[in-house]
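Throughout, read-outs are computed from the coordinates displayed, never taken from laboratory work. Note that the structure is a prediction, hence the values are computed from the model and not measured. In this analysis, Cβ positions are derived from the backbone assuming ideal geometry, glycine residues included, and neighbour counts consider all displayed protein chains.
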Amino acid sequence: MAKRKYVHEFEINASKKMLYPYLNTASGLSQWFADDVTINEDKIFNFIWEDEDHPARQTNHRTNNYVKFEFIDDEDDPSYVEFRLEENELTQSVFIKVIDYSGFDDQEEQADVWDNLLYTLKEIVGG
């Protein structure tokens, strides 16, 4: 299955410090990103969607700036999702930049999924 990179920025009215726990903790991610998220003793995140497990490693992060999860699905070309918190210095606006590298077939459907996910996050944080 061919993989593609989806990149999109979403403006959100919340501070980077407030948003970061929703992007890098199991409890935060399970509120908006997946049906449930757990972490095992080896620090492997398990994202659960529609009763299916999707284990991932947090391969990179910087507090209040970004986090990257690499899914343990294909060691040669793993899928990943990365969340970057960016701030416009002039307007003080905060954006979540989503980078989704996966085998999602329909790009329009993928955009709709991310729109809905980020809408949910905005509702939770009031932004």
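Mind checking the dipole of the chain: about its Cα centre, +1 per Lys or Arg Cβ, -1 per Asp or Glu Cβ, Debye to the nearest 20? Could you put the intermediate results ahead of the total?
Details: 12 positive and 28 negative charges, 188 e Å.
For this selection, approximately 900 debye.
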message = Taking θ = phi - 60°, what integer Hz values does the Karplus form 6.51 cos²θ - 1.76 cosθ + 1.60 yield along the range 102-108, in sequence order, with x for Gly and Pro?
response = 7, x, 4, 6, 9, 5, 5
ask   = Picking from Ile39, Ala111, His54, whose Cα lies most toward the positive end of the charge dipole for the chain (charges on Cβ: Lys, Arg +1; Asp, Glu -1)?
value = Ile39
note = Length gained, Glu87-Glu11, 0.36 nm per residue minus C-alpha separation, equals 26.4 nm
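Over 23 Å between Cα atoms: which of Lys68/Lys122; Lys3/Lys97; Lys3/Lys122; Lys5/Lys43 fall into that group? Please list the in-between numbers first.
On the way: Lys68/Lys122 20 Å; Lys3/Lys97 19 Å; Lys3/Lys122 28 Å; Lys5/Lys43 25 Å.
Where the Cα-Cα span goes over 23 Å, the pairs concerned are Lys3/Lys122; Lys5/Lys43.
Rounded to the nearest 500 deg cm²/dmol, what is the calculated helix-only ellipticity per residue at 222 nm for the chain, with -39500 (n - 2.57) per DSSP H run of length n ≥ 4?
Details: 3 runs with 35 residues, N = 127.
Here the helix-only value at 222 nm equals -8500 deg cm²/dmol.
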